[in-house]
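The values are calculated or read from the model by the stated rules, or taken from the named source; none is laboratory data. Note that this is a predicted model, so its numbers are computed, not measured. Note: ideal-geometry Cβ built from the backbone for every residue, glycine included; neighbour counts use all protein chains shown. Note: accessible area is taken over every heavy atom of the protein model, side chains too, but ligands, DNA and RNA are not part of it. Shrake-Rupley method; radii C 1.70, N 1.55, O 1.52, S 1.80 Å.
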Amino acid sequence: MPSYKLHYFNVKGRGESTRLLFAAAGVAYEDLRHAGEKWREEIKPKMPFGQMPVLEVDGQLFAESAAINRYLARKFKMMGKTDEEAAVVDMFSDLMYDVLTKLPLFVKDEKQKAEELRKALGGKVKMVYDILEKQLDGKDYITGEMSLADIVFLYVTPNLLAMAPDALASYPNSTALYKRLTELPKISKWLTERPQTAM
């Protein structure tokens with residue numbers, strides 16, 4: 001078994017999807033959370049692109065969260081069984097990431113935030129969850145079996161619900177998927193025991 005270390009900050013952020021992958025697979029890793037002078041002076045210069053998250057596998061460093069997640073999903077048999085199935089998993093994973101690009105997660109002005117959220121909920125976010133609702137019809141998971149696409153869904157959706165608690169009200173299939181994933185024992189354990197951070 002490889003030795004895995006995840007380098008990131010003490011926040012959920014882009015590292016959380018990788019932590020969820022480890023939790024879902026039940027694979028042990030070191031959850032290394034860096035900050036302050038140690039990050040700037042000691043850790044950052046060693047990182048491939050001078051940023052995090054970074055996955056360390058037996059001493060080899062891999063950057064970029066989406067690349068890290070695809071790598072691990074292949075290792076954990078969560079990228080489908082064929083190249084074509086992997087492409088579908090990738091397709092829906094990228095679709096879910098699109099939601100994050102439209103949410104005003106870092107907008108401080110409340111009026112601006114409300115307006116950008118309104119536009120997102122009526123635009124890209126609605127489009128994504130409309131597509132998901134059809135895709136999930138008759139399925140327990142987005143591509144039939146649990147995959148990276150479901151983990152990205154589980155990473156993205158809480159960010160949406162934190163800003164718009166009723167966002168899934170019209171989406172029973174997405175609501176059921178969210179409940180199903182959060183109740184899986186390994187994922188539930190991580191969600192309960194993970195460090196409590198502001199974001």
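For the stretch 55-169, the relative contact order comes to 29 percent (Cα pairs under 8 Å, sequence separation of at least 6). Stokes-Einstein diffusion coefficient for the stretch 32-83 at 4 °C in a medium of 1.567 mPa s, Rh from the Kirkwood formula over Cα pairs: what value in µm²/s? Result for D is 105 µm²/s.
Excluding ligands, DNA and RNA, the accessible surface per residue across the stretch 33-134 is 61 Å² with a 1.4 Å probe. Just the Cα atoms of the stretch 62-108, one point each, no solvent: what log10 I(q)/I(0) does Debye give at q = 0.20, 0.21, 0.23, 0.24 Å⁻¹? Treating every Cα as an identical point scatterer, log10 I(q)/I(0) equals -0.72, -0.76, -0.85, -0.89. The relative contact order of the chain comes to 23 percent, based on Cα pairs under 8 Å that sit 6 or more residues apart.
As a length-normalised measure over Cα pairs under 8 Å and 6 or more apart, the relative contact order of the stretch 1-74 settles at 40 percent. With the highest mean first, a sort of the peptides 165-174, 12-21 on other beta-carbon atoms found within 10 angstrom per residue produces 12-21, 165-174. Ratio of Rg to Rh for the stretch 72-133: 1.16 [Cα atoms; Kirkwood radius as inverse mean 1/r over pairs].
Summarising the label geometry, the points placed 7 Å from Cα in the beta-carbon direction at LYS77 and ALA28 lie 2.1 nm from one another. Taking label positions 7 Å along the Cα-Cβ direction at both PHE9 and GLN51, the computed distance is 1.2 nm, reported to one decimal.
Springs between Cα atoms under 10 Å define the GNM used for the chain, and in it the highest mean-square fluctuation of GLU116, GLU42, GLU30 occurs at GLU42. Taking the three principal axes of the alpha carbon atoms in the stretch 1-70, the coordinate ranges are 33, 23, 19 Å, sorted in descending order. Roughly speaking, what % of Cα-Cα pairs in the stretch 115-199 are separated by over 21 Å, rounded to a whole number? Summing the P(r) tail past 21 Å for the stretch 115-199 gives 31 percent. In the chain, inverting the average of 1/r over every pair of distinct C-alpha atoms gives 17.8 Å as the Kirkwood radius. From the largest down, the stretch 38-150 spans 45, 44, 17 angstrom on the principal axes of its Cα atoms. LYS139 sits among other residues whose Cβ lies under 14 Å from its own Cβ, and their net charge, with Lys and Arg +1 and Asp and Glu -1, is -4.
I need the calculated FRET efficiency for the pair LYS189 and ALA114, taking r as the beta carbon distance and R₀ as 30 Å, to the nearest 0.05. That pair, LYS189 with ALA114, gives E of 0.25.
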